[in-house]
2 protein chains.
Amino acid sequence: MSAAQPCVALLSQSLDMRYLVPAFEAACPGIDWRVRDDLRDVADIDAAVCWQPPQGLLNTLPNLQLIQSIGAGVDHIYADATLPEHVPVCRAVDTDMTAGMIAYVAWAVINRHRHFPDYVANSAQGLWRESPIVPPGEHRVGVAGLGRLGMAVAQALATLGYAVHGWSRSPKDRLPAGVTGHHGAAGLPDFLHGIDTLVCLLPLTDETRGFLNTTLFAQLPRGSHLINVGRGAHLVEADLLAALASGQLAAATLDTTHVEPLPTDHAFWRDPRILVTPHIATRTSATAVARQTLANLNLVRAGQMPDTRTTRANGY
Amino acid sequence: MSAAQPCVALLSQSLDMRYLVPAFEAACPGIDWRVRDDLRDVADIDAAVCWQPPQGLLNTLPNLQLIQSIGAGVDHIYADATLPEHVPVCRAVDTDMTAGMIAYVAWAVINRHRHFPDYVANSAQGLWRESPIVPPGEHRVGVAGLGRLGMAVAQALATLGYAVHGWSRSPKDRLPAGVTGHHGAAGLPDFLHGIDTLVCLLPLTDETRGFLNTTLFAQLPRGSHLINVGRGAHLVEADLLAALASGQLAAATLDTTHVEPLPTDHAFWRDPRILVTPHIATRTSATAVARQTLANLNLVRAGQMPDTRTTRANGY
C-alpha cells in the first residue's frame, strides 16, 4: 500500500463492477484494483467502491479508509449492520447523474400531464384525436425530497413552467425560483394538497421507508400520478395497486421496485397504468466514480472529511 | 361601430371559433362578435380573429382594421392572395403557448434519446431490460428556427443539459447560454453536422417550404430523430418515408402534417417509427387571444403598430 498506488476493491452483490476498471486505470495508471471474487490480501485494501456490497464483507478489511457509493443513495451500504463505523461512507455526486434524473422525471411528468400515452396509442391506430391541454402553470408537481437531486429536479420543472412544491424533512434556506417549500410532518398535508404529480426523490431511511402508502395517497387529489425515482422500499406495493384499483391514483411511473429486477410474475407488469423502467433514471459515470473515490481517499489520508460523507443516523 | 364596443369576426374554415367567445366577453363585456355563418353587416367589423380564414372573405370587410392570428404562425392568413394589404396582420404571443411548446419538444427529445418507446413496450411485456444511457451533454439537438418559440425551446433544452445548436435565417445577437448559433444557407451544413435530434420550428415561408427533404436528411448523421412542430408543409412527406426506409432517419415525431387531420389511410399512421400527434404541441389560450386582439385594435385605432405585426414579405 502506498499513496501513489491505492488499492481499491469493487464490491457488489448485484452488478458486475468491472465496468469501472477502465475509468480507474485512466484516472490512476497502475492502480491496484480487486474484485469481490479475488480480493487477495485484504490488508492491502484502502477503499471500497460499493453497490449493494455483500453483508459483513466491509468489516473484514482491516485497513479500509473509505467506503464510496457509486450512487447518490447510501442505504444499500448502511443496510449492513456490521459496517466499520469509523470508516467514512461517501455518496457519489455527478452532473451527468443529475442531468439524467432531470430528463427522466421531466419526461415522466410531461408524459402523463400531456396525455402522451393516449397520443401514442392513437397514432398506432390512425386516430387524430385531441386530449385536453392544461397549461403547466396549472399542473402542480410535488417533489418529496430536496437533496441535491430533488432540488435540481424541482428547479428544472419550475423552469418548464410547472407549479412546483417541494417537501423536505427540515426547512431549506434557499429554494429555486418558482418552487414553494414545505417541511416536516406538519408540512406534509399542505404539500400533498392539490398535487397532480407526486415525485419521490427521498433518501431511504427508517423514517421514509413505506412513505408512499394508502394514508398518503388519500391526501392527494383523486387521479394523481405517482413517480417513484427514490427506492423501491419507499412504496408499499399493495397500497399502490389498491389506489389504482379505486381510482385514487390514475397512474404510476416506477424506476425502482422492492425486488430488482422486478420478477416476471409481478402484478405491476400487468397493470397498463403502471410504467416500470429498469432503474435507469440515471447512472453515475464511471469517470466520476473513479475521480471521486481517489479524491476522497486523498482527503481522508490527509485527515480531512469529504463533503459527500454521509452518516448512518441521517441515512444520507 | 364605436371604440367602446368593437365588432370582432371569428373566422376559420376548420375550427369552431366560438370557443373564444367567453374570453372576449370577459375581456370586453357587451362586445359585438360575429361568426362566419352569420356576419350580418360586414361594414360593422373592426377586427378579424383568424385560423385558416376562408379565402377571399377578409377582402370583403370594408372597415377592417386588424387581422389577428390565434397562432404564432400567420402562413394560414397570407395563404389568401386577396388579403387587403393595408390591414396589419398580427401573430399571437402567449407564455402558455411557449410553455406548451417547450413541454412537447422536451418530451419528444427525451422520449427517443432515452429510449422510452422501448421501455414502454418492455413494461407491457414484463421485461426488465436496460437501454444505453448517453449523457444529455453528448446528445446534440438542433433547433431550426430561432423565433420566439425556437429560442425558448433551445434555452429549455440547454437547461436540461443537451448540447443545443440553433439555426436561423439571419444571425442572432443574443443566444441563451449553452446554445451555439448558425445562420443562413452557408451555416446550414455546420448546423446539421452531428445532430442527433432535429427540431423544426421555422416559420412557413416560400424559402422554408419543403426544408425537410432528402438533401437535408443526407447531411444528418445516420439514425437521427426528426421532430416537426413547425408546419406540415416544411416536410416533403415522401422524403421522410424514404429516409426512414433507408435508415438515414431512425424516427420522426410530427405534430403537424400537410393535410390536417391526417387522413386515415396515410402511410405515416402505419410506420411505428413515426409518432403523429394532432397539432397539440401548444395552443394559444382564449384569454390571450382576446386580450391581444383588443389591445392591438386599440393601438391601430390610435395610429400605432403592434409589435406583433407581421409582413407578407417575411412571412412572420
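The values are calculated or read from the model by the stated rules, or taken from the named source; none is laboratory data. Just so we're clear, the structure is a prediction, and the values are computed from it rather than from any experiment. Every residue, glycine as well, gets a Cβ built from its backbone with ideal geometry; the counts of neighbours run over all protein chains shown. Areas reflect the complete protein model, heavy atoms only, side chains present, ligands, DNA and RNA absent. Shrake-Rupley method; radii C 1.70, N 1.55, O 1.52, S 1.80 Å.
So here's what we get for this one:
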{"read-out": "Rounded tilt (10° steps) of B:237-246 against the dominant C-alpha axis of chain B", "value": "10 degrees"}
{"read-out": "Spacing of the two label points (7 Å from each Cα toward its C-beta) at A:VAL87 and A:ALA295, in nm", "value": "2.2 nm"}
{"read-out": "Label point 7 Å beyond Cα along the C-beta direction, distances from A:VAL87 to other copies (nm, shortest first)", "value": "8.0"}
{"read-out": "Under Karplus coefficients 6.51, -1.76 and 1.60, residue-wise ³J(HN,Hα) of region A:185-199 in Hz, glycine/proline x", "value": "4, 5, x, 5, x, 4, 4, 6, 4, x, 6, 8, 10, 10, 10"}
{"read-out": "Region B:95-276, Cα convex hull volume normalised per residue, Å³", "value": "128 Å³"}
{"read-out": "Charge dipole (debye, nearest 20) of the protein assembly as shown; +1 at Cβ of Lys and Arg, -1 at Cβ of Asp and Glu", "value": "560 debye"}
{"read-out": "Using θ = phi - 60° and Karplus 6.51 cos²θ - 1.76 cosθ + 1.60, couplings along region A:304-311 (whole Hz; Gly, Pro as x)", "value": "10, 9, x, 4, 8, 5, 10, 10"}
{"read-out": "With 20 Å bins from 0: P(r) over the protein assembly as shown, alpha-carbon pairs, percent", "value": "18, 45, 29, 8, 1"}
{"read-out": "Chain B: angle of helix B:116-125 to the longest principal axis, Cα-based, in degrees nearest 10", "value": "70 degrees"}
{"read-out": "Antiparallel DSSP beta bridges within chain B, as percent of all bridges there, nearest 5", "value": "5 percent"}
{"read-out": "Descending principal axes extents, region A:172-316, alpha-carbon based, whole Å", "value": "57, 40, 28"}
{"read-out": "Solvent-accessible area lost in complex, 20 Å² minimum, residues of region A:132-161 relative to chain alone, 1.4 Å", "value": "A:ILE133, A:PRO135, A:PRO136, A:THR159, A:LEU160"}
{"read-out": "Solvent-accessible area per residue for chain B (1.4 angstrom probe, square angstrom)", "value": "41 Å²"}
{"read-out": "Radius of gyration and maximum dimension Dmax of region A:145-239, Cα, Å", "value": "12.5, 37"}
{"read-out": "Whole-number D in µm²/s for chain B (Stokes-Einstein; Kirkwood sum over Cα pairs; 37 °C, 0.692 mPa s)", "value": "157 µm²/s"}
{"read-out": "Sequence-distant residues sharing a close amide H with B:ILE227 (under 5 Å, placed H)", "value": "B:LEU198, B:VAL199, B:CYS200, B:THR253"}
{"read-out": "0 to 90° range, to nearest 10: angle between helix B:95-113 axis and chain B longest Cα axis", "value": "20 degrees"}
{"read-out": "Pseudo-label separations to other copies for A:ASN298 - Cα-to-Cβ vector, 7 Å, nm", "value": "6.4"}
{"read-out": "Size of the B/A contact, given as accessible area buried on both chains, probe 1.4 Å, in Å²", "value": "3800 Å²"}
{"read-out": "Value of Rg to Rh for region A:69-121 (Rh from inverse mean 1/r over Cα pairs, i.e. Kirkwood)", "value": "1.27"}
{"read-out": "Test item: A:109-117 mean partner chain Cβ contacts at 10 Å", "value": "4"}
{"read-out": "Carbon/sulfur fraction of accessible area - the protein assembly as shown, other protein chains in place, 1.4 Å, %", "value": "52 percent"}
{"read-out": "Inter-copy spacing of A:ARG174 label points, which lie 7 Å from Cα along Cα→Cβ, given in nm from shortest upward", "value": "2.3"}
{"read-out": "Under-5 Å amide H pairs with A:ARG34, H placed in peptide plane, nonlocal only", "value": "A:VAL8, A:ALA9, A:LEU10"}
{"read-out": "Cα gyration tensor of region B:23-118 - equivalent ellipsoid semi-axes, whole Å, descending", "value": "35, 17, 11"}
